[in-house]
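Down below is the structure, laid out as structure tokens.
The values are calculated or read from the model by the stated rules, or taken from the named source; none is laboratory data. Keep in mind the model is a prediction, meaning the values are calculated, not measured. Note that each Cβ is placed from the backbone with ideal geometry, even for glycine, and that neighbours are counted across all protein chains shown. Areas reflect the complete protein model, heavy atoms only, side chains present, ligands, DNA and RNA absent. Shrake-Rupley method; radii C 1.70, N 1.55, O 1.52, S 1.80 Å.
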Amino acid sequence: MAERLTPGAQIGLLGIEAHTRRRNRLNGLVADALDGRVSVRVTQSFGNCPKYIYPRRIEWAPIVAGVKRVVSGWDADARRMVAAADTFFIATAHPEAADASAAAHGVDVSHRGGEAGFVCIRDATLSVPDYPGNRFFNTLGNLELNPWAGLLFIDFEARSFLQLAVRARLEWLPPSQTESKGNNRVLHFDVLAAQRTEGVLPLVLAAQ
């Protein structure tokens, strides 16, 4: 990723304070990336509703050197990590249109949450109910134009994260299922690549 953080590159950021359930999305362009710091020229910034954010307090805790391990592949450990998650993050992109007067293009990152187990796994496909939110439809709008996305799952206890490259499909449920499940859309993600990085997250859950 560091190689792509060059001036003019598109970037999407998400600020989230889990214990207060506050979040804000910020999209823009890299102004510069020097000496380990990235400056961003903001083009879009907006708050989101606190729905489906699992409240937890997180503290900074440096990692001990030498414990990092990178594992590639959609293996059993990756599936267990997804199955136990109550939160994940999704990065999407709006493609640049040939018509300069068309809607703005760029990248975006958002949060998805629910009760642990809300992500259903079937082979290499994940299915997630699209719960009603702020009705901006930023993520769904991007996926309708560009189905490629990146997902991030975090295991705070193992101090690890899982990155998935996926292709998304949106399913509209019939009225009978909508009434019983409380939502009328399901997002399906076909996993194309997976990488789990263990022992690198400098964050831990704080004692309650």
* To do: Return a yes/no flag: does segment 106-114 have any residue that is of a type in the set (S, T, N, Q) and either in contact (Cβ under 8 Å) with a residue 24 or more places away in the chain or in contact with a Leu (Cβ under 8 Å, 6 or more places away or on another chain) (or both).
  => yes
* Asked: Mind checking which residues of segment 95-129 are surrounded by 14 or more Cβ atoms within 10 Å (Cβ to Cβ), out of contact with any Ser or Thr (no Cβ under 9 Å at 6 or more places or on another chain) and modelled with pLDDT under 90?
  -> HIS105
* Asked: Cβ-Cβ below 6 Å, separation at least six or inter-chain, first residue in segment 184-208 and in contact (Cβ under 8 Å) with a residue 12 or more places away in the chain, second buried (at least 16 other Cβ atoms within 10 Å of the Cβ) and among the acidic types (Asp, Glu): which pairs?
  -> ARG185/ASP130; LEU187/ASP130
* **Members of segment 118-149 that are over 14 Å from the mean Cα position of the chain (by Cα), part of a loop (DSSP other than H, G, I, E, B) and under 17 Å from TRP74 (Cα atoms)** => ASP123, ALA124
* Residues LEU14, LEU29: which one is outside any loop (DSSP other than H, G, I, E, B) and more than 22 Å from PRO147 (Cβ to Cβ)? -> LEU29
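Of everything in segment 57-88 that's open to solvent by 40 Å² or more (accessible area, probe 1.4 Å) and aromatic (Phe, Trp, Tyr), which residue is modelled with the lowest pLDDT?
Quick first cut of segment 57-88, residues open to solvent by 40 Å² or more (accessible area, probe 1.4 Å) only: 57-60, 62-70, 72, 74-77, 79-80, 83-84.
From what's left, aromatic (Phe, Trp, Tyr): 60, 74.
Working: TRP60: 91, TRP74: 97.
So, considering only residues that are open to solvent by 40 Å² or more (accessible area, probe 1.4 Å) and aromatic (Phe, Trp, Tyr), the one modelled with the lowest pLDDT is TRP60.
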* Qualifying positions in segment 150-177 - closer than 21 Å to ASP75 by Cβ and of a type in the set (Gly, Ala, Ser) -> GLY150, ALA158, SER160, ALA165
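Table: residues versus (1) more than 22 Å from ILE154 (Cβ to Cβ); (2) without any contact (Cβ under 8 Å) to a residue 40 or more places away in the chain; (3) crowded, with 17+ Cβ neighbours inside 10 Å.
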site: LEU5; (1), (2), (3): no, yes, no
site: GLN10; (1), (2), (3): yes, no, yes
site: GLY15; (1), (2), (3): no, yes, no
site: ALA18; (1), (2), (3): no, no, yes
site: ARG22; (1), (2), (3): no, yes, no
site: ARG25; (1), (2), (3): no, no, yes
site: ARG37; (1), (2), (3): yes, yes, no
site: SER45; (1), (2), (3): yes, yes, no
* Structure fact -> The condition from (1) open to solvent by less than 50 Å² (accessible area, probe 1.4 Å); (2) modelled with pLDDT under 90 that TYR54 misses is numbered (1)
* Structure fact -> Per the list (1) over 19 Å from GLN163 (Cβ atoms); (2) aliphatic (A, V, I, L, M); (3) free of Cβ contacts under 8 Å to residues at least 60 places away in the same chain, residue check on ALA76 breaks on (1)
